[in-house]
Amino acid sequence: LPAQKLMTNTIRQVKRYASMIASALEITGPFNIQFMAKDNYVQVIECNLRASRTFPFVSKTLNHNFISLATMAMCGLKVQPYRISLLDIDYVCVKAPMFSFTRLRGADPTLGVEMASTGEVACFGDSEHEAFMQAMMAAKFRLPSKDKFILLSIASENFREQFKWSAMTLHKLGYKLCGTPGTAAFYKSKGLDIVAVKKPTDEEDEGVCEETGAPSALKEIRSGHVTMVINVSEDTTRRDEITAGYIMRRAAVDFDISLVTNIKCAIEIAECLDRGMDKFKVKHIGEFYKLPMIGWRK
């Protein structure tokens, strides 16, 4: 927050729809709406008449007490809306989820539409990348080391293409890459130096590939040769991809290895490392609040 990649027309539609829903339902007080937007086409998923965990996050980011304002409105008191121009805020705050997959034996550590996080952390930064990297690290995400492999297993060719420049960036920075057969073959065809590893067929499959001699991805993870796993099984219906993906994800969690299952997050991490965001200076929240704003003034 503020949103970094939303189109202006999308923001306008969201504000218009939220206002129409609040008016139609005669809402006074906090509520949250989930929207879905693509190519400036906005749809409403649901509206809940309660505050969400994002409510205090927004208050902290914008330095305004929205729950106090909402309470006064619910009590029938006259309130003055806060005047906020998101375009004039010269910093970014990113909220990162925290999960408890290590405590849930056998649970698949991947994300869907349902709420799965057991907590959240938020960090401020001068840029999107700085705030993102700090939030991830605050959520106990471990940065990859260059003496071990980053394991890539991306099922969809579309997502492989999206991650192509990020993979090249990681290699340029000195990180060693290995990948499951399809992923490794794709990036090798693009001129990238990547080691092929065998996809596991079950939780005991640690043997080498009989055809190519490639080592088992599962054994590489369990042997401590892998520093981060980027596994994106989305957009595939192939049973072998789904099964192998689960086995590698579960092994990464069980052996305390950083796991990324979202292609956009994987790209963002590569961009952060490329910009040197793994080294940053910690600032007090007050330093961001003191930044001059171009637009609205208190």
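The values are calculated or read from the model by the stated rules, or taken from the named source; none is laboratory data. As the structure is a computational prediction, the values presented were derived from the model and not from experiment. Note: ideal-geometry Cβ built from the backbone for every residue, glycine included; neighbour counts use all protein chains shown. All accessible areas refer to the heavy atoms of the entire protein, side chains included, with ligands and DNA or RNA removed. Shrake-Rupley method; radii C 1.70, N 1.55, O 1.52, S 1.80 Å.
Observations, loosely collected:
- In terms of the mean number of neighbouring beta-carbon atoms within 10 Å, the peptides 284-291, 68-75 order highest first as 68-75, 284-291.
- For the chain, the solvent-accessible area with a 1.4 angstrom probe is 59 square angstrom per residue.
- Span per principal axis, largest first, for the Cα atoms of the chain (Å): 75, 39, 37
- Crossing angle, helix 239-254 versus the chain [Cα axis fit, 0-90 degrees, rounded to tens]: 80
- Rounded to the nearest 5, the antiparallel percentage of DSSP beta bridges internal to the chain is 45%.
- For the pair LYS264 and LEU173 in one chain, pulling the backbone fully straight at 0.36 nm per residue adds 30.8 nm over the alpha carbon distance.
- Inverse of mean 1/r across different Cα pairs in the range 1-95, Kirkwood, Å: 14.7
- Acute angle (nearest 10 degrees) that the helix 8-24 long axis makes with the longest principal axis of the chain, alpha-carbon atoms: 60
- Built amide H within the under 5 Å cut-off of VAL226, gap 5+: PHE149
- Length released on extending from VAL79 to ASN158, taking residue separation times 0.36 nm less the Cα-Cα span: 23.5 nm
- Axis of helix 263-274 versus longest Cα principal axis of the chain: the two differ by about 90°, to the nearest ten degrees.
- A simple spin-label model places the labels of PHE35 and ALA51 2.2 nm from each other, with each point 7 Å out along Cα-to-Cβ.
- Relative contact order (%) - criterion: Cα under 8 Å, at least six apart; region: the range 161-281: 23
- Overall shape: prolate for the range 165-239, with the ratio a/c of the largest to smallest alpha carbon gyration tensor axis at 1.5 or above and a/b above b/c.
- With a simple spin-label model that places each label point 7 Å from the Cα along the Cα-to-Cβ direction, the separation between ARG275 and MET72 comes to 3.6 nm.
- FRET efficiency, LEU291 to GLU206 (Cβ-Cβ, R0 35 Å, nearest 0.05): 0.10
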